[in-house]
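Enquirer: Shown below is the structure under consideration.
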Amino acid sequence: MSSPSGDFAGAEEALAVCAALLPTEARIERVPSSTPGSAPDLLARLAGRGSRRMLLLGHVDTVIGHEAHGPLQRRGDRLLGPGTTDMKGGVVLALGTARALARAPELFAELALLLVTDEEWRTRQFVHARSFDEYDACLCFEAGERGPGGEEGVVVRRKAAGTLRALAVGRPAHSGSAPDQGANALLALAQTALTVAALHRPDGKIPTERAPLVSRPGFRARRAARH
């Protein structure tokens, strides 16, 4: 089903299917999303008899909108569809893993499955991180990668990420008669974006990626009074 980021009904429909595919022993709850206005996330827990705790992590929202969503297709032993790689195919694998482990409770103390609804457009801190601080492992079933010889591979670590915020405050001036008396905040931000983009070196000795992403203009009204 189609469930682009921000679509409440689509997320609810997708998570209803996920809940139906979970092991019957799972305790399911809906917890608040990191992003206000998003459908609640789904958290399922399984109790075991072992000594370790593991989290299975995924998301049901996609960058593909309703208008671009096509039907699921089968080609040989492959299922193809919008959002399959990122990451509904991975969610299916996570559900299958939970079902398999439910039949072997001696392998774990607790198994948790967290499916979020806002991965593609989250702008706030991930609210669930501290809930799983004491877990022994976390597996995310988003797509793997191809190796040097084209073989299928599993991603075992990810690069770190950070957000740089730049604020530019201009100086107002009449754009027609006295533009040189002002300072253009938009041009300053444009230059900053170019500087950041120039630091993009994915093939360097220490690979780094830089991508200017979002610009939000703000306006301050100022009133000048004469005495």
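Enquirer: Expressed as a whole percent, how much of the Cα-Cα distance distribution for segment 83-227 exceeds 22 Å? Working shown, then result.
Expert: Numbers: 6805 of 10440 pairs.
Summing the P(r) tail past 22 Å for segment 83-227 gives 65 percent.
Enquirer: Once both axes come from the Cα atoms, what is the angle between helix 89-102 and the longest principal axis of the chain, in degrees from 0 to 90, rounded to 10?
Expert: 40 degrees
Enquirer: What is the gain in length, in nm to one decimal, between residue 154 and residue 125 on full extension, counting 0.36 nm per residue of separation less the C-alpha to C-alpha distance? Walk me through the intermediate numbers first.
Expert: Working: separation 29, 0.36 × 29 = 10.44 nm, distance 2.65 nm.
Full-extension gain reported as 7.8 nm.
Enquirer: Quick one: work out the % antiparallel among DSSP beta bridges in segment 8-153, nearest 5. Mind dumping the intermediate values first?
Expert: Working: 16 of 27 bridges.
Antiparallel bridges make up about 60 percent of those DSSP assigns within segment 8-153.
Enquirer: While we're looking at this one, here's another question. What's the long-distance tail for segment 125-179, i.e. % of Cα pairs beyond 14 Å?
Expert: On the way: 1150 of 1485 pairs.
So the portion of pairs separated by more than 14 Å is 77 percent.
Enquirer: At 222 nm, what value in deg cm²/dmol follows for the chain if DSSP H runs of at least 4 each add -39500 (n - 2.57) and the sum is divided by all its residues, to the nearest 500? Walk me through the numbers before you get to the answer.
Expert: On the way: 3 runs with 42 residues, N = 227.
Per the formula, -6000 deg cm²/dmol.
Enquirer: Out of 138, 97, 121, whose Cα points farthest toward the positive end of the dipole of segment 8-153 (charges: +1 Lys, Arg; -1 Asp, Glu; placed on Cβ)?
Expert: Comparing the listed Cα positions along the dipole, 97 ranks first.
Enquirer: What's the Kirkwood radius of segment 8-153 in Å, using all Cα pairs?
Expert: Evaluated over segment 8-153, this radius sits at 16.3 Å.
Enquirer: For the charge dipole of the chain, defined by +1 on Lys and Arg C-beta atoms and -1 on Asp and Glu C-beta atoms about the Cα centroid, which residue among 54, 198, 169 has the Cα displaced farthest towards the positive pole?
Expert: The one lying farthest along the dipole's positive direction is 169.
Enquirer: Still on this model: Compute log10 of I(q)/I(0) for segment 59-122 with the Debye formula, placing one identical point scatterer on every Cα and leaving out solvent, at q = 0.12, 0.13, 0.23, 0.27 Å⁻¹, to two decimals.
Expert: Listed by q, the Debye log ratios stand at -0.42, -0.48, -1.00, -1.15.
Enquirer: Please sort 54-63, 73-82, 155-164 by packing, taking for each peptide the average over its residues of neighbouring beta carbons within 10 angstrom, highest first.
Expert: Sorting 54-63, 73-82, 155-164 by mean packing, highest first, produces 54-63, 73-82, 155-164.
Enquirer: Then there's this: Listed highest first by mean packing, meaning other Cβ atoms within 10 Å per residue, what order do 190-198, 13-21, 170-178 come in?
Expert: Numbers: 190-198: 12.7, 13-21: 16.2, 170-178: 10.2.
Ranked by mean Cβ neighbours within 10 Å, highest first: 13-21, 190-198, 170-178.
Enquirer: Also: Using per-residue counts of other Cβ atoms within 10 Å, averaged over each peptide, order 112-119, 99-106, 123-130 from highest down. Could the numbers behind the result be given before it?
Expert: Numbers: 112-119: 24.2, 99-106: 13.1, 123-130: 11.2.
Ranked from most to least packed, the peptides come out as 112-119, 99-106, 123-130.
Enquirer: A follow-up question, please. Which angle between 0 and 90 degrees, to the nearest 10, do you get for helix 185-198 versus the longest principal axis of the chain when only C-alpha atoms count?
Expert: That works out to roughly 50 degrees.
Enquirer: Right, next: Below 8 Å, C-alpha to C-alpha, sequence gap of six or more: please give me the relative contact order for segment 40-167 in percent. Working shown, then result.
Expert: On the way: 184 pairs, mean separation 51.5, N = 128.
Contact order relative to length: 40 percent.
Each reported figure results from applying straightforward, stated rules to the coordinates on display, with no laboratory input. Since this is a predicted model, take the numbers as computed values, not measurements. For neighbour counting, all protein chains shown are included, and Cβ atoms are generated from backbone atoms with ideal geometry for every residue, glycine included.
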